[in-house]
1. Quick check on GLY271: is it open to solvent by less than 10 Å² (accessible area, probe 1.4 Å), small (Gly, Ala, Ser) and more than 30 Å from PRO537 (Cβ to Cβ)?
2. Residues that are hydrophobic (A, V, I, L, M, F, W, C) and over 30 Å from LEU729 (Cβ atoms): list the strands (runs of 3 or more DSSP E) wholly contained in region 240-343 that include at least 1 such residues.
3. Starting from region 707-729, keep only residues that are within 9 Å of THR643 (Cα to Cα), then list their pairs with residues that are modelled with pLDDT of 90 or more and charged (D, E, K, R) whose Cβ atoms are within a distance under 6 Å, requiring at least 6 positions of separation or different chains.
4. If a residue has to be over 15 Å from ARG677 (Cβ atoms), open to solvent by 70 Å² or more (accessible area, probe 1.4 Å) and modelled with pLDDT under 85 to count, how many in region 725-780 make the cut?
5. Could you name every one of the helices (runs of 4 or more DSSP H) located completely within region 97-212 that has at least 2 residues being of a type outside the set (Phe, Trp, Tyr) and at pLDDT below 95?
6. Tally time: how many residues in region 357-369 are under 27 Å from the mean Cα position of the chain (by Cα) and open to solvent by 60 Å² or more (accessible area, probe 1.4 Å)?
7. All but one of (1) among the charged types (D, E, K, R); (2) within 30 Å of LEU775 (Cα to Cα); (3) open to solvent by less than 50 Å² (accessible area, probe 1.4 Å) hold for GLU591; which doesn't?
8. Given the conditions (1) open to solvent by 40 Å² or more (accessible area, probe 1.4 Å); (2) free of Cβ contacts under 8 Å to residues at least 24 places away in the same chain, report the number of the one that GLU470 does not fulfil.
Amino acid sequence: MNPNLFADQSDAAPLVHRPSLDAVLHRIMEWKSQPNSPIRAVRHEPAHLGQYADFPDFLNPALAAALAKRGISKLYSHQGESLVRAEAGENVVVVTPTASGKTLCYNLPVLNRLLAEPNARAFYLFPTKALAEDQLHEFKAAVDAMSSDIGVFTYDGDTPQDARKAIREKARVALTNPDMLHSGILPHHTKWAKFFENLRYFIIDELHYYRGVYGSHLANIVRRVKRICDFYGSKPQFIACSATIANPKELAEALIEEPFELVSNSGAPTGEKYFVFYNPPVVNHQLGIRRSYLHETKRIAVELIDKGQQTLVFCNNRLATEILITYLKDACEKGLAPPGSIRGYRGGYLPRERREIERKLRDGEIRGVVATNALELGIDIGSLDTVVMAGYPGTVASSWQRAGRAGRRQNTSLAVLVASSAPLDQYIVEHPEYFFGQSPEHAYINPNNLEILLNHLKCAVFELPVREGEKFGGQDTAPLCRFLGELGLLHQSAGSWHWTSDTYPADAISLRAVTSDNFIVIDTTTEARVIAEVSFPAALVELHEKAIYLHEARQFQVEKFDYAQRKAFVRSVECDYFTQAIDNVQVKELERFDEAPQAEALAAHGEVRVNRQIVGFKKLKFYTFENIGAGHLSIPEQEMQSTSFWLHFSEAFLNRFPDLSPAQKQSGLSGLANAMRAIAALLLMCDARDLGVALTEDLTQGVPAYEPNLFLYDAYPGGIGQSAPLFALREKLLAATAQLIESCPCESGCPSCVGPPGEIGEGAKPAALRFLRALLPACNPGT
């Protein structure tokens, strides 16, 4: 028997006998024991029995009877605790694993209140329309089981205009998303007057999604909700559910600005689970190049489907999703699965198509699905056998959510993480103890970012006049209102500020960006049509002239970049490369909030000024990332104030390495910056693009000595609250960066650690390691 479970057998005849998952796992363990196996870890999570709680006395008999009809005679212990705390009037945040029955943690308190108070109302907030639709069916099933007439509806962008008035009148529970709440409900709160007057519960599902910019926006939306509720005389309770993160209670309290009680001990039974870490083999040791992770994902998924396992493959972007769908369909056409049993699933699909795929997954008609994070959330797709992840999703929380999509009916399941060559992937796959330990990730927000706060204050004034002396999220509104008044947007009258502009402020705000100054992308291939809207910072690097812009797996070349009118004109092309912008960044310290010595260097965080200019671009071939050309650009320099964490390297520190030339020191620091950004993104639970990196000389002291600063700054105006946590986590940041570089098998640097030598210079890897060992006292300083 071939011990290589994931051998490429796409040309082999399909096996007549399909072994159980136990046989598959046995072969995995055999392969792991071989020398230089790409299987870096196999984690076994044993099955657990459930812990239960009796129905409390205050539970409505009709609700208890409905639960009994569904075979529920007792609650899981965390469901019972959530219900009791909610009944006591507490705000609750529930943090338990995937498929642990979190939905009942908020549905039971809400239904119990709705049955007791005929006028009571509840808002449910979900991050996606698909999840809201799925939860609508769940809630309706509970209502039907009670033979109740409680009205529950989704209210989002897909809701027909002619149905909206009836929903506002009939709904006692409205399921929506942040975008619709922000632009479609709050600005029209007078149409929802009865709903807000009687609002008793506000439910927030998938709380961990609301971090960084998105979370900072949501916190301001909640401020607006509470302000409107106060106007109508209601004070809703909040119940939130989250995947496992390090600070769920802190995040909930930052978003809602009220105290919360944490429920985190799950009483749900779990099935046996195996989690496999797979690192594609190195094919070029000198350059550290590994076999394509997409090809390896295809091999693994084909083998699992061939062995009779219903398999879900997760990708991190749409392009990878479409590529893998093609790969799997081609392989399965050779007889591994019936026609039509391999499907894709992502946000761009029509709702009807997504519902069909979900149903066929539950019924077992589909053997394999390739999906983006659209299937990561709690949508009911039945009981899958295996999950394969093409690349690390970016956070431990998302990884466990994806893995939890298999074995949701307490059967044995398998999850496989296939690492890409990205530094974050390599750190995780080579340090499984970090992943499997207690969740190290913190979610941070900064709702008082001036740009975000000011935009939502505009919306708040549009919704209700702001009284003199009124606070918005604890912030003094007087100077902000005066500023908006000078712009002609507000007028002061009778002790209040009133909205006077004929604009609609909510429409101009993107919840996923700090500023609303966006570019539109116009396709001129046949007739001019708008195909996308891109945030201002992203437009500078994605839409410059001659850039290859990727949209819906299609390639467009930018023909004209109209900076003044905020437009980019593109034409459809077919080419084998993509473009990557080259920028020049200068960062200057404005104010230092805190500092601490780090060996003979200095760690600090504070306010900075960032000057950035896009000066050129590179052409990189798909798959090989070979540099096949370059171009020069002249785009106006951008300036912003933000917050940053930085390391200051003194002359004394750098003099500890007399054998390194100035060029080698520069290369080492550049490589160190690249690796630190990857680890910082891991620790902060953010996208690496949320952090800018810059290496500049320290000219503040007016001395000729080379004393550079390494900045990791918030890549958004005003900052989004990431510099202070990085300063607090600096020891962990440096130690994990050293582990990342040390464990990389390349000789002199590669994209998986410090970056390719051709870009950052020779000797970067050993120099970066020496600097790290000197910065960390426990690592033999100066070696």
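1. no
2. So the answer is 282-284, 311-315.
3. Filtered contacts from region 707-729: ILE720/ASP714; GLN722/ASP714.
4. Final tally of qualifying residues: 6.
5. The helices (runs of 4 or more DSSP H) meeting that bar are 102-116, 129-145, 161-170.
6. Of the residues in region 357-369, 2 are under 27 Å from the mean Cα position of the chain (by Cα) and open to solvent by 60 Å² or more (accessible area, probe 1.4 Å).
7. With respect to (1) among the charged types (D, E, K, R); (2) within 30 Å of LEU775 (Cα to Cα); (3) open to solvent by less than 50 Å² (accessible area, probe 1.4 Å), GLU591 is out only on (3).
8. With respect to (1) open to solvent by 40 Å² or more (accessible area, probe 1.4 Å); (2) free of Cβ contacts under 8 Å to residues at least 24 places away in the same chain, GLU470 is out only on (1).
The values are calculated or read from the model by the stated rules, or taken from the named source; none is laboratory data. It should be emphasised that the depicted structure is a prediction, and the values quoted were computed from it without experimental measurement. Heads up, the Cβs are rebuilt from the backbone with ideal geometry, glycines too, and the neighbour counts pull from every protein chain shown. We work out accessible area using only protein heavy atoms, side chains counted, and drop any ligands, DNA or RNA first. Shrake-Rupley method; radii C 1.70, N 1.55, O 1.52, S 1.80 Å.
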